[in-house]
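The values are calculated or read from the model by the stated rules, or taken from the named source; none is laboratory data. Computed from a predicted model, the values in this text were never measured in an experiment. When we count neighbours, we look across all protein chains shown, and the Cβ atoms used for this are built from the backbone with ideal geometry, even at glycine.
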Amino acid sequence: MSVAWDEASIAERARSFLAEHDPARTDRLGFLRARFDAGLAWVHFPEGLGGLGTRRDLQAVVERELKGTPDNDPGRIGIGLGMAAPTVLAFGTDEQRRRFLRPLWTGEEVWCQLFSEPGAGSDLATLATRAVREGDEWVVDGQKVWTSSAHTARWGILVARTDPDVPKHRGLTYFVCDMRAPGVEVRPLRQITGEAEFNEVFLTGVRLPDSLRLGEVGDGWRVAQTTLMNERVAIGGAPARRSMAGVVADTWRSRPELRTHDLHQRLLKLWVDAEVLRLTAVRLREQLAAGHPGPEGSGMKLAFARLHQELSGLEVELLREDGLAYDDWTFRRPEAVDFLGREAGYRYLRAKGNSIEGGTSEILRNIIAERVLGLPSEPRADKDVAWKDLPR
Amino acid sequence: MTDDRSTSLLYTEVEQELRAAVRDLLADKSAPADVLARAEAAAGGAAPYDAELWKALARDIGAAGLLVPEELGGAGASAREAAVVLEELGRSVAAVPFLSSAVLATRALMAAGGDVAAGLLERLSSGEVTAALAVSAATSPYGPKGPAVTLGADGRVSGTVTGVIGAEVADVLLVPALAASDGSLALCAVSAGEGAGVAAVPSLDLTRPVATVTFASAPAGVVARRTGTWAPGVREALATGAGLLASEQLGVAEWCLDTTVAYVKERRQFARPVGSFQAVKHRLADLWLEVVGARAAARNAAALLADPRRGEEAASAVAVAQAYCGAVAVHAAEECVQLHGGIGMTWEHPAHLYLKRAKADQIILGTPGDHREAVAVLADLPGPAPVL
Ligand SMILES: Cc1cc2nc3c(=O)[nH]c(=O)nc-3n(C[C@H](O)[C@H](O)[C@H](O)COP(=O)(O)OP(=O)(O)OC[C@H]3O[C@@H](n4cnc5c(N)ncnc54)[C@H](O)[C@@H]3O)c2cc1C
């Protein structure tokens, strides 16, 4: 039975859920599991899978009603929420959806993304990690790199080559990688911030049961597109409780002695840009809710990266002598990512990744030019050549 | 026509129908060649306005009365609908006095109020008469200039106002004047031709030129008067005009982007379409992103101007939209010229009409810098204290 939910009825459901599950008297995990089971995790997901099968924008009503209750620490499980979950929902079997989505959402199981390789970044489809079928299993060999949260992850979304004899986009298959399987080795990679959010992951004779395959054999590129599309919206378009503009504005307001005319002009310009980006995101969500998604999504991360970088750079400059200091260079392996966390120097350095992770800004411009504006692609030498014959 | 969608940044069905009607009319009566022919005449000193087109837009489509309440004979629509009309007028750089009469003059009369205003609004919304606000178009809603015109005890106004838009086609000129008797500021209505002279000035914007208006002891009806820094209705008119101008700028930018994308797909050099070169593609992708932002900002300004309960938010929305959209329209028009190559530099190609409109639009009703300074106040981001 499906109910036509609206703001009032969703709010009512959230309130009665709260009445039955007093967060003060339930443990955190118990509360989150119950919230998932009540369909209040992500309301646009189907019933039984943490949702109510209704409009995505009604989630905001749930968040408002449940404000202040234990959350699932999204900074720790961003890849699971933003990338793995929509892909599992779109391509997983019923069994896979039931197995993975609940502990993903509650944060019991962290996910990572095993896409990029030393030889395959922007040109992801050229990747070389091999998966070879042996009976009911796949044997995986290769190396992944820049894998955020691999050190905390229980599962990884993995794209591997299953057929080297066809052109590169066609020979790929998508798997869920068991990060505890023998042959998975995770080594930290230190970043310009001093810490190691990401890792290199070596896969040596890793055996994955066929039940961990997501989608058809050879259909991995299409499945990966779903992941990447969601990644860009997750990085650029999600409604934010705080914003970089807000962080910098607070510094500006609290330190009047640091203000100069030059910085003032630049700050005002960036503040307007931030407001325009916020409104663009609002409009995009309205379009999604009204059932006609616009191409605006492709541009959100591009605009977001530029804005984050300029604002965080301005803040370091504004701080003058304090901008010369850095809070902490200790080599740590953080459990969560927060672009707005720590001090200005960290924010400045971390923001540099925003135009690289999830597709570089150059690649995003290509996508907008070709898929939104319909401009012709560059002449390409690699389209109809079997992957194994490509120049390397 | 305030419905539950009035704060949405999307377009309602009614708005889309209005857009379609305006677009059809413009396609029929205001093709680039027509606009260019009028602009050419204007470069020689004639007014470029198209009376027949304006009549059709004002009366048949009812654009003249969009902002006017139903009890005064208007459509009782809102800034949202007026914004959609302006998007279309921007897309076609049509030479009609919609902004000057149906937005600026109309909004001034509505804010000033009173019987004289009501009578005028009725005639304006029927499209029977056209009005202009005799204030320099370069005035921002934040910095009043003292009126250049005085109102004598004999009820006549004298003085000269420069930089006025839409005056050549106005039957009624609304002019803020300093009352000699008590120092109050009055909004006065003067019939064109009765002691008011309008002299077109060679203008950067060929499709919306500016004129100098000289009042020589012209008989005037006082619409309203008050003491303070602004004559009645003027600040409201400029603020609404600035907010809605963002939609015109959006329309200008959209035309430039669409036209340029279509051109670079067709034009071939080095044995391939120039639009397949990454240097070109990336510039157009960035421009597209700016246009997407401009649409969100312009819709937000229109939506908040349409909601009388949200005046303070509207002020911020107007400042943000104007601080952003003016530069987007100019950038789009400049890219349009550049990416067309030599043809973009010709008088024959319409790109220059858009460049000229975009550049003039950047100045009128406050520059982006004026609006950013307003943002500093509205968003509590004050500048540095004076050094001395
Ligand atoms: C902080 C961070 C976290 C990350 N986390 C993950 C993760 O969890 N999982 C994962 O799989 N990956 C992750 N990545 C990797 C990221 O997706 C890749 O770095 C990115 O796709 C670019 O690939 P690359 O590093 O090989 O650069 P390259 O592709 O070699 O690019 C080098 C430069 O060339 C430009 N370039 C490449 N191709 C073109 C073209 N066709 N036109 C114009 N310019 C081009 C690029 O824009 C870039 O400037 C992460 C990266 C960062 C920085």
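Restricting the stretch B:265-285 to residues that are among the aliphatic types (A, V, I, L, M) and buried (at least 22 other Cβ atoms within 10 Å of the Cβ), which is nearest to the other protein chains (Cβ to nearest Cβ)?
Here the residue is B:A285.
Is it the case that some residue within the stretch A:95-110 is within 16 Å of the ligand (Cβ to nearest atom) and within 14 Å of another protein chain (Cβ to nearest Cβ)?
No, that holds for no residue.
More than 11 Å from chain A (Cβ to nearest Cβ) and either at pLDDT 95 or above or within 15 Å of the chain's Cα centre (by Cα) (or both): is that true of B:E313 in this structure? Break it down stepwise before answering.
On the way: more than 11 Å from chain A (Cβ to nearest Cβ): yes; either at pLDDT 95 or above or within 15 Å of the chain's Cα centre (by Cα) (or both): no.
No.
Being within 14 Å of another protein chain (Cβ to nearest Cβ) and acidic (D, E), is that true of even one residue in the stretch A:228-235?
no
Out of B:L388, B:L365, B:L381, B:L339, I need the residue that is farther than 18 Å from B:V264 by Cβ, away from the ligand (no atom under 16 Å from the Cβ), touching a Lys or Arg at 6+ places or on another chain (Cβ under 8 Å) and not basic (K, R). Which one?
Criteria check complete, one pass: B:L381.
Would you pick out the residues in the stretch A:370-389 that are within 15 Å of the ligand (Cβ to nearest atom) and part of a loop (DSSP other than H, G, I, E, B)?
Listed by number, the residues that qualify are A:L375, A:P376, A:S377, A:E378, A:P379, A:R380, A:A381, A:D382, A:K383.
Does the stretch B:252-261 contain any residue that is more than 13 Å from every other protein chain (Cβ to nearest Cβ), in contact (Cβ under 8 Å) with a residue 40 or more places away in the chain and among the charged types (D, E, K, R)?
Within the stretch B:252-261 (the criterion being more than 13 Å from every other protein chain (Cβ to nearest Cβ), in contact (Cβ under 8 Å) with a residue 40 or more places away in the chain and among the charged types (D, E, K, R)), the answer is no, since none of the residues qualifies.
With the checklist (1) in a helix (DSSP H, G or I); (2) touching a Ser or Thr at 6+ places or on another chain (Cβ under 6 Å) in hand, flag the one item B:P144 doesn't pass.
Answer for B:P144: the failing condition is (1).
Would you check if B:L245 is crowded, with 24+ Cβ neighbours inside 10 Å and either in a loop (DSSP other than H, G, I, E, B) or more than 16 Å from the ligand (Cβ to nearest atom) (or both)?
Judged against the criteria, B:L245 is a match.
How many residues does the stretch A:113-162 contain that are more than 12 Å from the ligand (Cβ to nearest atom) and under 16 Å from A:D210 (Cα atoms)?
Of the residues in that region, 16 qualify.
Consider the stretch A:309-361. How many of its residues are in a helix (DSSP H, G or I) and farther than 30 Å from A:V110 by Cα?
Of all residues in the stretch A:309-361, those in a helix (DSSP H, G or I) come to A:309-318, A:320-324, A:344-355, A:361.
Now restrict to residues that are farther than 30 Å from A:V110 by Cα: A:310-311, A:313-318, A:320-324.
Final tally of qualifying residues: 13.
For A:G220, indicate whether it is in contact with a strand residue (DSSP E or B) (Cβ under 8 Å, 6 or more places away or on another chain), of a type in the set (G, A, S) and modelled with pLDDT of 95 or more.
Values: in contact with a strand residue (DSSP E or B) (Cβ under 8 Å, 6 or more places away or on another chain): yes; of a type in the set (G, A, S): yes; modelled with pLDDT of 95 or more: yes.
Judged against the criteria, A:G220 is a match.
So which residues in the stretch A:267-286 are within 7 Å of chain B (Cβ to nearest Cβ) and either in contact with a His (Cβ under 8 Å, 6 or more places away or on another chain) or under 19 Å from B:L304 (Cβ atoms) (or both)?
Filtering the stretch A:267-286 for residues within 7 Å of chain B (Cβ to nearest Cβ) gives A:267-269, A:271-272, A:275-277, A:279-280, A:282-283, A:286.
Result: A:W271, A:V272, A:E275, A:V276, A:L277, A:L279, A:T280, A:V282, A:R283, A:E286.
Show me the helices (runs of 4 or more DSSP H) entirely contained within the stretch A:55-147 in which 3 or more residues are modelled with pLDDT of 95 or more and either in contact with a helix residue (DSSP H, G or I) (Cβ under 6 Å, 6 or more places away or on another chain) or crowded, with 17+ Cβ neighbours inside 10 Å (or both).
Those helices (runs of 4 or more DSSP H) span A:85-91, A:94-106.
Could you check the stretch A:331-369 and list, in sequence order, the residues that are within 11 Å of the ligand (Cβ to nearest atom) and among the charged types (D, E, K, R)?
A:R350, A:K352, A:E357, A:E362, A:R365
Do we find that B:R235 is under 23 Å from B:H371 (Cα atoms) and assigned to a helix (DSSP H, G or I) in this structure?
The answer is yes for B:R235.
Answer yes or no as to whether A:A369 is over 15 Å from A:H308 (Cβ atoms) and away from every other protein chain (no Cβ under 14 Å).
No.
Matching residues to (1) of a type in the set (D, E, K, R); (2) closer than 26 Å to B:A317 by Cβ; (3) free of Cβ contacts under 8 Å to residues at least 12 places away in the same chain:
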position: B:P32; (1), (2), (3): no, no, no
position: B:G44; (1), (2), (3): no, no, yes
position: B:A47; (1), (2), (3): no, no, no
position: B:G74; (1), (2), (3): no, yes, no
